[in-house]
Structure formats: structure tokens, C-alpha cells
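Below: the structure, in C-alpha cells.
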Amino acid sequence: MVATLEETTSRAAARQQLCGEVKALLVDRLALEVDPAMIGDDQPLFGRGLELDSIDTLELAMAIEEQYGVLITDDETDSLLSLNRLVDHVEANRS
Amino acid sequence: MTASVVPVVPVQPLPGGRGDSVVLTADEIARLLPHRYPFFMLDRVTALVPGVSAEALKNVSAADTILAGHFPGRMIYPGVLLVECVAQLAAVIYGTAAAQRAGGDLVGDVSHRVGYLAEIRQAKFLKPVVPGDQVVFKATSGTRVGALISVTGQASVGRDVVMTARLAVTEREEPA
């Protein structure tokens with residue numbers, strides 16, 4: 001099925017909004033000294049990206065679970081590698 | 001019974017008739033934890049849902065050597081040790097779950113599983129704890145990612161909450 005331009009546009013807007021929300025959540029819960037708007041969608045969260053550490057994964061997983069009711073299991077920790085992958089995971093799993 | 005947590009573990013009477021809700025005695029706690037004097041903190045576990053939550057008691061005594069130095073003439077039980085009590089209670093929560101998985105019993109020799117205190121977040125010390133206080137600790141285990149486990153804990157004396165904290169602790173996996 002081919003999506004109409006309107007559907008595609010509204011889906012993109014929803015995605016953009018979710019990305020913004022997750023960035024704000026990230027900055028708030030991990031007390032990052034970064035403007036959420038400055039975080040790129042493809043920016044790695046760990047290492048050279050936002051420089052999160054392994055202990056931050058737990059806080060991030062808790063925040064996502066509380067905010068969206070989405071669990072990040074041990075097999076799904078790849079979804080914490082970048083903001084886009086995290087938002088993909090939230091979109092795919094939230095009810 | 002003041003517990004807000006429903007114990008699923010049957011309460012056992014202590015020898016000598018002290019019957020009030022003892023789930024684990026100090027000796028049983030010592031089988032679950034590697035900690036020993038002077039860093040063995042909890043006197044009794046009074047409610048327990050293995051893998052989920054627990055409550056414990058600690059009696060603070062002027063005989064505790066730490067109080068000789070903290071502080072001379074003004075004994076206050078150190079706040080950091082209240083945090084440690086919650087961390088040790090967390091080890092009881094996941095230790096008893098591991099013991100049950102391994103053999104069905106609540107208490108087993110699982111002290112090798114105790115890992116590290118990985119994070120202390122949002123610790124608040126609301127009121128000083130002094131000799132004569134009986135501190136009630138409550139801990140609940142939350143989200144788990146890999147070996148990292150989130151724990152929320154609080155300590156109270158009587159009706160007063162004296163400390164709240166969120167921690168991350170680690171559990172060491174069984175050797176392959």
C-alpha cells in the first residue's frame with residue numbers, strides 16, 4: 001500500500017515530536033548539560049557521542065519504561081546505541 | 001506488622017519466643033552476604049519477596065565502634081552507612097531469589113553473587129539517626145539491564161522517614 005503525502009507528512013511529524021520528547025527525557029533524567037535540541041538523531045549515545053556510560057543505560061531504560069511503558073530487555077540493548085534506534089524501539093513497542 | 005510489602009515467605013518464630021515477623025535471622029543474612037564485622041549491617045529481615053522487595057531492621061547501638069568517631073560527644077549514625085544498609089538489603093533480595101532458583105530454599109550460599117554498588121542517586125538524609133534508634137529499611141528492586149539492578153530504598157525510625165535513596169547495584173553471574 002502506498003502512503004499518501006499527508007500520511008507520510010503526519011508520520012514524520014509524529015516521529016520528530018517523539019525524537020524531541022526522548023531527547024528532553026534523556027537530558028532531564030541523566031542531568032546532561034546539553035541543550036536537547038543540539039542532540040542529533042543519529043548521534044551515538046555512548047562513547048564519543050553523548051558520552052553516556054554503562055551505568056546510565058539503567059537510568060535510561062527506567063526512564064523509557066516509566067514514560068512509554070516500553071521495556072528494554074538484555075537482548076535489546078542495541079537500541080540504546082543511538083537516539084534513532086531508541087526511538088525506533090519505542091515506536092515499535094509502545095501500546 | 002507494619003509492612004506495606006506482603007511477605008510471601010512464611011514467618012518463622014525465633015528460638016526463645018521472639019516471634020514478631022522474622023523472615024531471616026542475622027545468621028541467615030550472613031549466609032547470603034559476604035560482608036562481615038564491622039561491615040555487616042542488618043540485624044533481621046522482617047519481610048521478603050525474593051527478587052522484588054524486602055524489609056529489615058537495624059538497631060543502632062552506642063557500642064558500635066563507628067559512633068566513637070562520628071562524632072565524639074555527638075553520636076550520629078553515618079548517613080552513608082544507611083545507604084550501605086539498603087545496598088546490603090538489595091543483595092538479600094536478589095540473593096534469596098538466586099538461592100530459590102538454585103535449590104528451592106530461601107537461604108543458600110550465594111554470597112559470591114554479590115557485586116558492586118554502582119550508583120547512588122538522589123540520596124536524602126532527612127533526620128539524624130542516633131543510638132537507641134531502631135531503623136526500618138525498605139528496599140524494592142526495579143528495572144534490570146544486564147547485571148545492573150535499580151533499587152529504591154528508604155529508612156525510617158518510628159513514623160519518621162530518615163533517608164531515601166535510589167541506587168544501582170550489580171549482581172555477579174554464576175560461573176559457567
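Every read-out reported here was derived from the displayed coordinates using simple, explicitly stated rules and does not represent laboratory data. From a predicted model like this one, the values you see are computed outputs, not experimental measurements. Because the Cβ atoms are built from the backbone with ideal geometry, glycine has one as well, and the counts that use them run over all protein chains shown.
Worth pointing out:
- Estimated [θ] at 222 nm from DSSP helical runs (n ≥ 4, -39500 (n - 2.57)) normalised by residues in the protein assembly as shown, nearest 500: -10500 deg cm²/dmol
- Between B:PHE125, B:PHE137, B:PHE71, the residue with the greatest mean-square fluctuation in the GNM of chain B (Cα pairs under 10 Å linked by springs) is B:PHE71.
- Burial ordering of B:TYR94, B:TYR116, B:TYR37, fewest other beta-carbon atoms within 10 Å first: B:TYR37, B:TYR116, B:TYR94
- The stretch between A:ASN84 and A:ARG15 holds 23.9 nm of extra length on full extension. This uses 0.36 nm per residue minus the Cα-Cα distance.
- Straight-line cross-link partners of A:LYS23 among the aspartates and glutamates, defined as a Cα under 16 Å from its Cα and at least 8 positions apart when in the same chain: A:GLU33, A:ASP35, A:ASP41, A:ASP42, A:GLU51, A:ASP56, A:GLU59, A:GLU65, A:GLU66, A:ASP88, A:GLU91.
- Sorted largest first, the principal axis extents computed over the alpha-carbon atoms of the protein assembly as shown equal 78, 46, 35 Å.
- Cα extents for the range A:5-95 along the principal axes, largest to smallest and rounded to whole angstrom: 41, 28, 19.
- Loop-located trypsin sites (Lys or Arg not before Pro) across the range A:10-91 with a Cβ neighbour count of 10 or fewer within 10 Å are A:ARG48, with loop assigned by DSSP.
- Straight Cα distances below 14 angstrom link B:LYS138 to the aspartates and glutamates B:ASP43, B:GLU55, B:GLU84, B:ASP160, with same-chain residues fewer than 8 positions distant left out.
- FRET efficiency, B:ALA62 to A:GLU6 (Cβ-Cβ, R0 51 Å, nearest 0.05): 0.10
- Here chain B is treated as an ellipsoid with the same Cα gyration tensor; its semi-axes, largest first and in whole Å, are 25, 19, 15.
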